[in-house]
Each structure stands twice: as structure tokens, then as C-alpha cells.
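Here's the structure we're looking at; comments come further down.
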Amino acid sequence: MCSLLCIKFYSGIMTKNNNIFANFKSDFASGLVVFLVALPLCLGIAMASGAPLFSGIISGIVGGIVVGYLSTSHLSVSGPAAGLTAIILTAITDLGAFDIFLTAVFIAGIIQLCLGFIKAGSISNYFPTNVIEGMLAGIGIIIILKQLPHAFGYDSDFEGDESFLQFDGSNTFLAISGLLNYIKLGSIVITLVSLAILISWDKISFLKKLKLIPGALVVVVIGVVLNEIFIIFGSSLEIAKEHLVSLPIPTSFREFKGIIVTPNFAEITNPKVWMIGLTIAIVASIETLLCIEAADRMDLQKRYTDTNVELKAQGIGNLISSLLGGLPMTSVVVRTSANNNAGAKSKMSAIIHGLLLLISVLAIPTILNKIPLATLAAILLLVGYKLAKPATFLHFWHKGKYQFIPFIATLLAVVFTDLLKGVALGIIISIVFVLKGNLKRAYSFKKQEYAEGDVIHIHLAQEVSFLNKAAIKSTLNDIPENSKVIIDASETVYIAHDILDLIHEFKTTRAIDEKIKVKLKGFKKAYNLENTIETPNNVTIEHHYDFAKRKVVKKEMISEEFFK
């Protein structure tokens, strides 16, 4: 059954990939940058998850090649995600073996595939823009805070760590404050040189001619060369092995063959395996949809991703990853942001990054292990800055509190908790503001204070839902005796049944008892409320000179006969 679904999906996507090589030059350059960023992240996340190191690389390869090809996203890059590390670590511990855990990943892939076919991806349309931007800015700040220690040569946290609170009870701020005790001068030199090159790469005229060569590749090469020079001359600036990329190197074919772990399907009836599979599927799917929305926001060409296709692609990716011994994957914001900043034009960039991961771990692992983590920290620091640049904060500040508060709340919650909790808080605040706005905009008055004999105009908005019942009920209750009320529904598209009942009861009961004269206007026949105003014949226009405005103005006058 699963195979048939995969084949059907694959055949449907083939026709959408005709132009995949159209921007090969720019996509190759950006794919190379993402590869350099993804390599240590794959290893770091695998290490933090308590899984074999190569499981992270396998997940990155499958995420790049398979998901990259099947996805309709032009910028998104998939691979092992930091948001799943706690779930994976707990799951492997509870299940007692990595191969049993892979069975849960296989189940998660099937669930994601099914979610794609039932079109569950459409929920991404309900993520507010300010919340997505707040998530991106929050991740940008996390990247900066987490990469600062690596830039100074303090590599206590694994690459890809996004948690504010650490397992040892420490936190990100404490780690930064402890930098002075662990500073490596060689790392600082390489970080500063790398940042200088990256910042000037697109600004200096003669360097612009080399735009096909990504600045990230140049700084990696220079970082390796500088450290080799430090080693040759026995300099105190030499960067030790523990501060370099650390990729496992198989010494024989048997060792390499032993890297591939397959799922233990004998445990597929274990309820705990299914529960873990369901958890991974839900969390991975939500994180993927959030990243896809973010990727579409980054896309300068404003292309939109089919999120249902994305869930299917992620499901197939997790199926294949589990069969090869890889970690579960999601679309990842850090890699996607690096991809966008490097100038990616299409999904070919993600595919190239996957191919480079595959080739490099097979052919040049020794060379990769010479890359200083400080160099990669410099690349990621710029990615973080572009995600959380001050202009973004000012943009939402100028949009007003209803846009800024969900944005900043999401940002802070992402930094101090995690991505899902941060986005959930932002969405909740946005919903509260929407409800509050609806309560305010359900109707409007032409008078704020009422006195006996006043004509009170109540204009209903386009949509009046049950959420407005309390406010309208309170307003009608505050109308004084012997008043004259016009309730105007001319502009409404929808009025909830509860509100119609409320108006009917007010008109037929309380208004009669308290001698309130009520006129209805613009109510549709379907509302079953008889209009008492069909034409504005009882309204006359009187012209008079307004000395304050220095012009003739019109004033509506309602005839007393109107309320008789």
C-alpha cells in the first residue's frame, strides 16, 4: 500500500521538475554553502540525540536529495532538526535500541504521507505573518547567541543546539558569560577574518566579479589554510582537534557497511513504538509547515509551496531515512535561511547540498575534518543577523500594537522555550486580538452618551458572530427609556442567530415596556426581522455653514414623524 502511494505521488510530481536545472550556477553556489552549514549540524544533532553520528548525515542526504526533489518548495532545505532532539533522545532510551526507534520513524513517515493525502497541510494558511516573522527573528537571535561561543573557541554545546536551558542546568546566557575562561585566540582570528570576507564579498567591486564563487566557500578554505599555517609554524594560535569538524571516518568497507542500521520490524506491534511514531509525525509536520511558510515569506519571487505535497515528500523522506538508519527530518529554518541568503533560485540547491553531503563523507572526510568550527560560526552569525535585523523590529513597531505584540511575544518565547511553544503563544495572542477586534467592530454608534429623547444609531458590521453577543447585549441594556433607536444592518453579510434573537427580544419586549422606539433597517428576509425603514424618506438633508471648518456642510435631520 505504502509503495503504491509513493509511486502515485512520484509520478504526479515528475511533471513539475522540468526547469530544475534552469539556475544551476547560482543553485550550485548556494547548495555548496548549505552543505558547509549542514555538515556540522547533522553531526551535532545526532550526537545530542544519542544516536549514531552517521544517522544525522544520512538524514541530511535523504532530506536534500529525496525531499528536495519531491518538494515543490524552491528554498526549503530538509534534514535532522534540533526541535526533535529531546524526543529522539527520550525515545531511544525508552525503547532500548536504535533499530527499534527506526521502526517508529518508519511509522511516522507513513502517518505524514497519509496527512498529505488528506490535505492536512492546509492548516499552514492560518499561521499569521507576524507570528512567522517573529519565529524567524527568534531563530536568528538563537543562532547568534549559540554561535558566539563557537566563534570564540568555546565549543561546549553541540552544533545545532537551539535550547535556552541546557541538560546540565545551565543556560545560553551563562554559556556566553563563561566565554572569558575558554577564549581561543586562533578561533577569534579566524572568526574575524571570516566575517570581514563575508561582509565585504558583495560590496567590494572587484570581488563582485567572483559572485559565482560563494563567500562561504572562500572563508572555509581560508580558515583551513590559516589553521594549517598555525600548525606548521607551531603557533599558539593553532586550533586543536576538538574545535574542528569531527566526521567519523570508516577505515574499511566492513566498518562502512556497519553504519547502515535497519528498522527492527519485529517491534512494529509495540504500542510504545506507535506512540513515538505518532509524536514524531505530528511535531515534524508542524515544524515543517512553519518552515515552509517562512521559506515562502523569504522568497523574493513570492512563489507558494503546496504544503500537502510537502507533507507527502517529508513522509517519503522519513520512510527512506529510517530504512537506511537515518534520523527523522523536517524542513529546517537555519538551512533554509542559509540557502536563501546564498542566492538559491530553485530546489536544485537543496538537492546539490544532499549530493555534496553524500560525496564528501565517502570521498573527502579527512579534508572536512580540518574545517574550524569558528569559520562556520562566522557564516551562521551573518545568517542570524539577517533573520533578526533591526529593520524587521521597526517594521512591526510601526504597524501598531496588534502586529507588534504577537511578533515580539513569539520571538521571546522561541528564544526562551522552543519553536512550537513560541509559535503557539503568538497564534493565541493573535486570536485574542482578532476576537477583541471583532468585539469592537461588530457595531458602531453615532452617539457615545445617551440622554432621554436622543436618536441612537447602531450600525452592524459585515459579520456579527456569537462572540459579539455579550457586547451587543450590554449596549442594548444600557439604552435609556424613551429613546429612539435605529439598528442598521444594511452592510451585513452574516448575523449569528443568537444576535437576531437578541434584537427581536429587545424590539418586541423590552423596547415596548420601556417606551423605546426601535426602527430596523437593511435586515435580509432570511433574518426573519421585518424592516421598518425601506427608504430614507424620513431623513432630510440640511445645509449650513460650519464656521470652524469654513465651509458648507450637510447634516442629516430625522423627522419626528419617523418615530410616530
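The values are calculated or read from the model by the stated rules, or taken from the named source; none is laboratory data. What you see is a predicted model; the values in this text were computed from it and never measured. In this analysis, Cβ positions are derived from the backbone assuming ideal geometry, glycine residues included, and neighbour counts consider all displayed protein chains. Calculation scope for accessible area: heavy atoms of the full protein, side chains included, ligands and nucleic acids excluded. Shrake-Rupley method; radii C 1.70, N 1.55, O 1.52, S 1.80 Å.
The condition of being touching a helix residue (DSSP H, G or I) at 6+ places or on another chain (Cβ under 9 Å), modelled with pLDDT of 95 or more and open to solvent by less than 10 Å² (accessible area, probe 1.4 Å) holds for only one of G44, G109, that being G109.
Residues that are surrounded by fewer than 22 Cβ atoms within 10 Å (Cβ to Cβ) and assigned to a helix (DSSP H, G or I) within segment 352-367 comprise L355, L356, L358, I359, S360, L362, A363, P365, T366, I367, listed in sequence order. Residues in segment 45-80 that are in contact with a Pro (Cβ under 8 Å, 6 or more places away or on another chain) and part of a loop (DSSP other than H, G, I, E, B): S49, P80. For segment 491-503, a tally of residues being in a loop (DSSP other than H, G, I, E, B), open to solvent by 40 Å² or more (accessible area, probe 1.4 Å) and out of contact with any Gly (no Cβ under 8 Å at 6 or more places or on another chain) returns 1. Considering only helices (runs of 4 or more DSSP H) fully contained in segment 185-302, which possess at least 2 residues that are under 30 Å from C114 (Cα atoms), out of contact with any Leu (no Cβ under 8 Å at 6 or more places or on another chain) and at pLDDT 85 or above? Of the helices (runs of 4 or more DSSP H) lying wholly inside segment 185-302, those with at least 2 residues that are under 30 Å from C114 (Cα atoms), out of contact with any Leu (no Cβ under 8 Å at 6 or more places or on another chain) and at pLDDT 85 or above span 271-298.
On the stretch given as segment 320-334, residues that are more than 13 Å from the chain's Cα centre (by Cα) and open to solvent by less than 10 Å² (accessible area, probe 1.4 Å) total 7. Residues in segment 85-106 that are surrounded by fewer than 20 Cβ atoms within 10 Å (Cβ to Cβ) and among the polar types (S, T, N, Q): T90, T93.
Evaluate segment 504-527: report whether one residue or more is in contact with a helix residue (DSSP H, G or I) (Cβ under 8 Å, 6 or more places away or on another chain), modelled with pLDDT under 80 and surrounded by fewer than 13 Cβ atoms within 10 Å (Cβ to Cβ). Checking segment 504-527: not a single residue is in contact with a helix residue (DSSP H, G or I) (Cβ under 8 Å, 6 or more places away or on another chain), modelled with pLDDT under 80 and surrounded by fewer than 13 Cβ atoms within 10 Å (Cβ to Cβ). Annotation note: Cβ proximity below 9 Å between a residue of segment 224-236 that is of a type in the set (A, V, I, L, M, F, W, C) and a residue that is surrounded by fewer than 12 Cβ atoms within 10 Å (Cβ to Cβ) (sequence gap 6+ or interchain) occurs for F230/S236. Say whether the condition of being exposed (fewer than 15 other Cβ atoms within 10 Å of the Cβ), at negative phi and in contact with a Pro (Cβ under 7 Å, 6 or more places away or on another chain) is met by at least one residue in segment 260-276. Within segment 260-276, none of the residues are exposed (fewer than 15 other Cβ atoms within 10 Å of the Cβ), at negative phi and in contact with a Pro (Cβ under 7 Å, 6 or more places away or on another chain). When the residues of segment 146-184 are narrowed to those that are part of a helix (DSSP H, G or I), over 20 Å from S246 (Cα atoms) and not hydroxyl-bearing (S, T, Y), which ends up nearest to the chain's Cα centre (by Cα)? Checked segment 146-184; the qualifying residue nearest to the chain's Cα centre (by Cα) is F173.
For segment 70-84, residues that are touching a Leu at 6+ places or on another chain (Cβ under 9 Å) and open to solvent by 10 Å² or more (accessible area, probe 1.4 Å) total 2. Contact map, segment 322-342: residues that are farther than 22 Å from G121 by Cβ paired with residues that are open to solvent by 10 Å² or more (accessible area, probe 1.4 Å) and among the basic types (K, R), Cβ distance under 6 Å, separation 6+ or inter-chain. Pairs shown: N341/K386. For segment 108-121, indicate whether the set of residues that are free of Cβ contacts under 8 Å to residues at least 24 places away in the same chain and closer than 29 Å to R297 by Cβ is non-empty. Yes, segment 108-121 contains at least one residue that is free of Cβ contacts under 8 Å to residues at least 24 places away in the same chain and closer than 29 Å to R297 by Cβ. Would you check if V361 is modelled with pLDDT under 95 and either within 18 Å of the chain's Cα centre (by Cα) or of a type in the set (K, R) (or both)? No. For the residues R303, R254, the requirement of being open to solvent by 20 Å² or more (accessible area, probe 1.4 Å), more than 22 Å from the chain's Cα centre (by Cα) and at negative phi singles out R254. Out of curiosity, is N308 over 28 Å from K119 (Cβ atoms) and open to solvent by 10 Å² or more (accessible area, probe 1.4 Å)? When the stated conditions are applied, N308 does not pass them.
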